[in-house]
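Report on the following structure.
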Amino acid sequence: MKLEPGDAAPDFTLPAADGTTVSLDTHRGQRVILYFYPAAMTPGCTKQACDFRDSLDSLTAAGITVLGVSKDTPAKLAKFTEHDALTFPLLSDPGLEVHKAYGAYGEKTMYGKTTVGVLRSTFVIDPDGKIEKALYNVKATGHVARLRRELGLD
């Protein structure tokens with residue numbers, strides 16, 4: 001099931017790369033960019049994470065929190081964070097429950113073949129916990145710039 005603007009954002013609590021846990025409900029009153037990516041330390045996911053890192057100051061200044069989610073373990077996420085100097089929380093969802101709640105896991109076509117896996121997806125959640133934007137099957141390159149334009153930050 002895919003989420004639409006106006007839907008309630010499914011709540012979650014997940015372990016972060018730094019050993020803490022992060023819950024969506026602690027971010028009520030703020031806009032949140034929640035993005036799902038297939039795997040830490042792969043070329044596309046690294047490009048996307050570094051784009052978010054490089055835009056983080058202006059996103060934070062606009063009152064937006066960024067959270068990244070993958071099925072990787074917290075230990076792998078910690079390596080990813082350290083290796084690429086990422087400055088926002090990366091969250092671990094190895095059982096894919098949160099991925100599925102957001103519709104970010106399912107059938108996709110890669111190189112002409114249909115497979116099942118993580119759908120690179122981004123959600124903008126408004127201060128009331130509602131989906132403001134639901135973007136599925138986004139491209140890693142140029143995605144943050146597109147998102148910034150759509151949010152009126154450029």
How large is ³J(HN,Hα), in whole Hz, for each residue of region 80-87 in order, when computed from phi with the Karplus curve 6.51 cos²θ - 1.76 cosθ + 1.60 and θ = phi - 60°, using x for Gly and Pro? 4, 4, 5, 4, 10, 6, 6, 10
Given the options T87, T42, T73, state which has the largest fluctuation in a GNM of the chain using a 10 Å cut-off (strictly under) for Cα springs. T42
Going through the cross-link list K2/K76; K71/K113; K79/K130; K47/K108, which pairs have a Cα-Cα distance over 26 Å in this structure? K2/K76; K79/K130
Please check: in the Gaussian network model of the chain (C-alpha springs, under 10 Å), which one of K139, K47, K71 has the largest mean-square fluctuation. K139
In region 95-154, if the dipole is taken from +1 on Lys/Arg beta carbons and -1 on Asp/Glu beta carbons about the Cα centre, which of I125, T115, G152 is farthest to the positive end? T115
Please turn the phi angles of region 100-117 into ³J(HN,Hα) values with the Karplus equation 6.51 cos²θ - 1.76 cosθ + 1.60 (θ = phi - 60°), one per residue in order, whole Hz, x for glycine and proline. 5, 4, 9, x, 9, 9, x, 6, 8, 10, 10, 6, x, 10, 8, 10, 10, x
Square roots of five times the Cα gyration tensor eigenvalues for the chain, Å: 20, 18, 17
Computed label-point distance, nm, for sites E82 and E150 using a 7 Å Cα→Cβ extension: 3.5 nm
Computed about the Cα centre, the charge dipole of region 13-150 from +1 Lys/Arg and -1 Asp/Glu charges at the Cβ has a magnitude in debye, to the nearest 20, of 480 debye
In Hz, Karplus ³J(HN,Hα) per residue of region 58-69 (6.51, -1.76, 1.60; θ = phi - 60°; x = Gly, Pro): 6, 5, 4, 4, 8, x, 10, 9, 10, 10, x, 10
Quotient of Cα radius of gyration and Kirkwood radius for region 6-86, i.e. Rg/Rh, equals 0.95
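Quick note: the coordinates plus some simple rules give every number you see, no bench work behind them. All values reported here derive from a predicted model rather than from experimental measurement. As a convention, Cβ positions derive from the backbone with ideal geometry for all residues, glycine included, and neighbour counts pool all protein chains shown.
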